[in-house]
1. Just one of 31, 73 is in contact with a helix residue (DSSP H, G or I) (Cβ under 7 Å, 6 or more places away or on another chain), part of a helix (DSSP H, G or I) and either modelled with pLDDT of 75 or more or not hydrophobic (A, V, I, L, M, F, W, C) (or both); which is it?
2. What number of residues within segment 36-59 are surrounded by 13 or more Cβ atoms within 10 Å (Cβ to Cβ) and at pLDDT 70 or above?
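The values are calculated or read from the model by the stated rules, or taken from the named source; none is laboratory data. Being a predicted model, the structure only gives us computed values, none of them experimental. Glycine also receives a Cβ, built like all others from the backbone with ideal geometry; neighbour counts cover every protein chain displayed.
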Amino acid sequence: MWFQQDRCPAHSARNVTEFLNRKFGDRWIGRSGSNKWPARSLDLTPLDFYLWGKLKAEVYREKPTTKLDMQERIRRACSVIDTNEIC
């Protein structure tokens, strides 16, 4: 498994990068990691431009009513994503 981090400055704090190094070793992508990811690269960040949009559309098809409802909607939306769509 690989972990892709966004470019939020707080996510490059030392305690965060130490955690990611322990958890994922050399298999995480981010500003402070050994695997750099170009900002806003359309061909390299399909999660930003496809997956999150698809999940958001599914989750917000109807307005969530509670925090638990929102969590369940996210779980359901993630569970039906076809891995062939995002590979």
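1. Working: 31 fails: part of a helix (DSSP H, G or I).
Answer to the check: 73.
2. Going through segment 36-59 one residue at a time, the tally reaches 5.
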